[in-house]
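Chemist: Structure below; questions to follow.
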Amino acid sequence: MKKILSCSLLSAAMLTFASAHAVTKNITVTASIDPTVDITLADGTVLPDTIAMQYVVGSGLGTVSKDVKLWSNSTTADLNVALASSPELSASTTTTTIPLTVTLNGTALSTTKSTLSYATYFPNGITNGSITIPLAISQTTKGVVSTAGEYSGTVSLILSQATSS
């Protein structure tokens with residue numbers, strides 16, 4: 001009897017192990033970290049990867065504007081902002097390009113750095129980020145685009161801490 005009970009328990013244990021399945025899932029987590037500066041939407045969320053510009057027949061592309069905040073770990077250093085390259089929209093089906101203008105707080109950005117004064121943009125310190133400012137992207141020369149297509153381009157902002165105030 002003892003032998004039958006032992007065999008039964010052993011069989012039950014083997015069935016339990018044999019029917020137990022496990023799945024392992026690996027998730028890659030990434031983060032782009034600059035401990036000195038950042039730019040986010042005004043509510044602190046990340047800037048969108050894609051922004052759609054609306055085309056209005058007869059007048060061209062509408063301006064897209066997002067309220068943003070700047071972030072810094074320095075309580076005295078000014079910030080520098082520039083574009084990595086001159087932004088434009090292009091389509092794979094045409095040679096037509098549409099130059100874009102990018103402004104931050106009303107100041108047109110270029111590949112030459114602009115200095116943002118700490119005192120102006122961080123009047124209340126760094127804890128809650130800068131004042132809320134508009135980041136706008138618009139068609140440089142407003143007007144009709146006569147060639148149809150799916151246009152896209154990249155606006156690359158470079159934000160850095162100034163080495164001197």
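Chemist: So which residues in segment 39-91 are among the hydrophobic types (A, V, I, L, M, F, W, C), assigned to a strand (DSSP E or B) and at pLDDT 95 or above?
Modeler: Result: Ile39, Leu41, Leu61, Val64, Val68, Leu70, Trp71, Leu79, Val81, Ala82, Leu83, Leu89.
Chemist: So, Thr107, is that one surrounded by 11 or more Cβ atoms within 10 Å (Cβ to Cβ), polar (S, T, N, Q) and free of Cβ contacts under 8 Å to residues at least 24 places away in the same chain or not?
Modeler: yes
Chemist: Taking only pairs six or more apart or across chains, which ones have beta-carbon atoms under 7 Å, a first residue in segment 53-64 that is in contact (Cβ under 8 Å) with a residue 12 or more places away in the chain and surrounded by fewer than 10 Cβ atoms within 10 Å (Cβ to Cβ), and a second residue that is in a loop (DSSP other than H, G, I, E, B) and of a type in the set (A, V, I, L, M)?
Modeler: Close Cβ pairs (under 7 Å, with a partner that is in a loop (DSSP other than H, G, I, E, B) and of a type in the set (A, V, I, L, M)) amount to Gly58/Val144.
Chemist: Is it the case that Ala18 is at pLDDT below 90 and either part of a helix (DSSP H, G or I) or surrounded by 10 or more Cβ atoms within 10 Å (Cβ to Cβ) (or both)?
Modeler: Spelling it out, Ala18 is indeed at pLDDT below 90 and either part of a helix (DSSP H, G or I) or surrounded by 10 or more Cβ atoms within 10 Å (Cβ to Cβ) (or both).
The values are calculated or read from the model by the stated rules, or taken from the named source; none is laboratory data. Note that the structure is a prediction, hence the values are computed from the model and not measured. Positions of Cβ are backbone-derived with ideal geometry, glycine not excepted, and every protein chain shown enters the neighbour counts.
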